[in-house]
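*Asks:* After the structure tokens below, expect a handful of questions from me.
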Amino acid sequence: MVSAVWECEALAAHLVAQGGVTVFTNGCFDLLHVGHLRYLQQARQLGDRLVVGVNSDASVRALKGPTRPIVTAVERAEMLAGLRCVDYVVLFDDLTASSVITALKPAVYAKGGDYDVENLPEAPAVQAYGGVIQLVPFVPGHSTSSILARAVETAS
């Protein structure tokens, strides 16, 4: 297991040389929690290696608002790279991971069960090269937003 943060182009070449089944997933992963861990562990079981795309700080702000992220992209990437189930991490600036998916062409694109394929913005990129989209069951009651809401509630 490599568990390192890579540049997208270098990782694409490396994965081609590795062969096998690459699984890719992505997200903000702001305040890593057990829901993230369970989801990533399940995604990893879908292939030979798991690549995690992490939204940059600017893209998290655009998606979640001006008070986010809580943890910087570099630190979020380092935390994810330290998980046993994660083989590679790549940072990206866009609001979706479509450009990373197009570059890496993973055999499987995994996303949480709180999404559906019809509304998944990355679906066209995966379908363009014949990849498989696999929805991983959502772990209810575990989200960064709910953790932040509980923290605010307890602080008042």
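*Asks:* Could you please find all residues in segment 69-94 being of a type in the set (Val, Ile, Thr) and in contact with a Cys (Cβ under 8 Å, 6 or more places away or on another chain)?
*Replies:* Val90
*Asks:* Also, quick follow-up: Which of the residues belonging to segment 52-102 are more than 17 Å from Cys8 (Cβ to Cβ) and of a type in the set (Val, Ile, Thr)?
*Replies:* Val60, Thr67, Ile70, Val71, Thr72, listed by residue number.
*Asks:* If you check Val117, Val126, Val60, Val86, which single one turns out to be of a type outside the set (S, T, N, Q) and touching a residue at least 40 places away in the same chain (Cβ under 8 Å)?
*Replies:* Just one listed residue meets the conditions, Val86.
*Asks:* Right, something else. Could you tell me whether Tyr109 is at pLDDT below 95, crowded, with 20+ Cβ neighbours inside 10 Å, in contact with a strand residue (DSSP E or B) (Cβ under 6 Å, 6 or more places away or on another chain) and of a type outside the set (A, V, I, L, M)?
*Replies:* So Tyr109 fails the test.
*Asks:* Tally the residues that are at pLDDT below 95 and either within 18 Å of Phe92 (Cβ to Cβ) or touching a Lys or Arg at 6+ places or on another chain (Cβ under 7 Å) (or both), restricting the search to segment 33-57.
*Replies:* Final tally of qualifying residues: 1.
*Asks:* Considering only segment 64-97, how many residues are within 26 Å of Val126 (Cβ to Cβ) and among the β-branched types (Val, Ile, Thr)?
*Replies:* 4
*Asks:* Among the numbered criteria (1) out of contact with any Lys or Arg (no Cβ under 8 Å at 6 or more places or on another chain); (2) touching a residue at least 24 places away in the same chain (Cβ under 8 Å); (3) small (Gly, Ala, Ser), which one does Ala73 miss?
*Replies:* (2)
*Asks:* Go through segment 112-127 and give me each residue that's at pLDDT 95 or above and either closer than 19 Å to Leu40 by Cα or more than 14 Å from the chain's Cα centre (by Cα) (or both).
*Replies:* Leu120, Glu122, Ala123, Pro124, Ala125, Val126, Gln127
*Asks:* Suppose we keep only residues that are closer than 18 Å to Gly113 by Cβ and hydrophobic (A, V, I, L, M, F, W, C) within segment 34-63. Which one would you say is surrounded by the most Cβ atoms within 10 Å (Cβ to Cβ)?
*Replies:* Only one residue fits best here, namely Val52.
*Asks:* How many residues does segment 104-118 hold that are of a type in the set (Asp, Glu) and assigned to a helix (DSSP H, G or I)? Full working, then the answer.
*Replies:* First pass over segment 104-118, keeping only residues of a type in the set (Asp, Glu): 114, 116, 118.
From what's left, assigned to a helix (DSSP H, G or I): 118.
The number of residues fulfilling the criteria is 1.
The values are calculated or read from the model by the stated rules, or taken from the named source; none is laboratory data. Because the structure is a prediction, the values reported are computed rather than measured. All Cβ positions, even for glycine, are placed from backbone atoms using ideal geometry, and neighbour counts span all protein chains on display.
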